[in-house]
Amino acid sequence: MIRRAFMLAPALIVVIGLFGGGLLDSLLQSLGLNPALGATTPTFQAYHDLLWGPQHRETIWTGLALSLWISIASTVISTVIAIGLALAIRAQTTGSAVWTFWFQFNLPIPHLIAAIGTLFVLAQSGLLARIAMNFGWITTPADFPLWVRDPHGIGIITAYVWKEVPFIGLIVLAALRSLSGRYEQAAQTLGANRWQRFRWILLPLIAPSVGSAALIVFAFTFGAYEIPALLGVRYPRALPVTALRFFLDADLNARAEAMALSLMITAVLLVVVFFYLRLRS
């Protein structure tokens, strides 16, 4: 045990030092401790202003609702599609390697590129709108549905689903391929149809893998900045976009609000992880 601790010590020191140091610095700044500005007394004023202050209250609560909607919708849709595609690939008797390749081809693509691609394809001046105009389905680009930079985050969710389906799918596919087929064969012998075999045999067996992958996707989409910044609207903004706006404010006093909002985002994710672990236990 002691030898293992010494072996892990260098990596742990780096991780804990970087993460813990950044978290501690964010906490101190969120409490208004900024010696450069003469602020040496801790206060929860930044948290109060964000949650209940008339200037930021509506922005924060609507941003929280939007961020939760985007994360939950992206996670649920991605998970459902990923499970379906993983089951389809698993059922292939020939060419499964080719299908797996095409299933994961967009994994290396950065989320920033995915956002730009979504903008080029789904915007009212994008590729689909031009195709619709050429076929006479619409008369002007403004007639094309507002799928990007819309207040409901449809474009953001679309970009996230396109990126996260292969991530969840590969984890689910690995879990499916590690299972023995004798449980399904026994259930089929007893008269269970395909849905019943999935519902009562496969789903409970892959649930831990699905839950872990979905949790990672939820955490990422809730705290990510690039896609909501490019595909979102000025109001409501997702919380990470608002946090960066506070951080880049010329008024250094807004730095406390930026750090407080970042810690609030972290707190939401920790609560989600806590309840997930409770459900797993």
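Values for this structure:
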| read-out | value |
| --- | --- |
| Unmet requirement for A123, which otherwise passes all of (1) touching a residue at least 40 places away in the same chain (Cβ under 8 Å); (2) crowded, with 18+ Cβ neighbours inside 10 Å; (3) of a type outside the set (S, T, Y) | (1) |
| Residues of the range 241-281 satisfying the condition of being touching a helix residue (DSSP H, G or I) at 6+ places or on another chain (Cβ under 6 Å) and under 18 Å from I70 (Cβ atoms) | V241, T242, A243, L261, S262, I265, L269 |
| Subset of the range 220-235 that is in contact (Cβ under 8 Å) with a residue 40 or more places away in the chain and in a loop (DSSP other than H, G, I, E, B) - its residue that is nearest to L119 (Cα to Cα) | G232 |
| Residue within the range 100-122 that is outside any helix (DSSP H, G or I), farther than 30 Å from V172 by Cβ and at pLDDT 85 or above present | no |
| R234 being more than 26 Å from A97 (Cβ to Cβ) and out of contact with any Ser or Thr (no Cβ under 6 Å at 6 or more places or on another chain) | yes |
| Any hit, the range 16-34, residues being surrounded by fewer than 12 Cβ atoms within 10 Å (Cβ to Cβ), over 27 Å from the mean Cα position of the chain (by Cα) and modelled with pLDDT of 80 or more | no |
| Total residues in the range 165-219, condition farther than 30 Å from I70 by Cα, of a type in the set (S, T, N, Q) and in a helix (DSSP H, G or I) | 4 |
| Per-region count, the range 246-264, residues surrounded by fewer than 20 Cβ atoms within 10 Å (Cβ to Cβ) and either touching a Lys or Arg at 6+ places or on another chain (Cβ under 9 Å) or in a loop (DSSP other than H, G, I, E, B) (or both) | 6 |
| Check on W162, within 26 Å of the chain's Cα centre (by Cα), modelled with pLDDT of 85 or more and hydrophobic (A, V, I, L, M, F, W, C) | yes |
| Qualifying residue in the range 43-61 (condition: within 20 Å of the chain's Cα centre (by Cα) and under 23 Å from S262 (Cβ atoms)) | yes |
| Pick from the range 19-34, criterion touching a helix residue (DSSP H, G or I) at 6+ places or on another chain (Cβ under 7 Å) and assigned to a helix (DSSP H, G or I), ranking: nearest to H48 (Cα to Cα) | S30 |
| Some residue of the range 39-49 being surrounded by 11 or more Cβ atoms within 10 Å (Cβ to Cβ), touching a Leu at 6+ places or on another chain (Cβ under 9 Å) and either aliphatic (A, V, I, L, M) or at pLDDT below 80 (or both) | yes |
| Matching residues, the range 174-206, being out of contact with any Phe, Trp or Tyr (no Cβ under 8 Å at 6 or more places or on another chain), surrounded by 14 or more Cβ atoms within 10 Å (Cβ to Cβ) and free of Cβ contacts under 8 Å to residues at least 12 places away in the same chain | Q188 |
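The values are calculated or read from the model by the stated rules, or taken from the named source; none is laboratory data. Predicted model, so just to flag it, every value in this text is computed and none were measured. Heads up, the Cβs are rebuilt from the backbone with ideal geometry, glycines too, and the neighbour counts pull from every protein chain shown.
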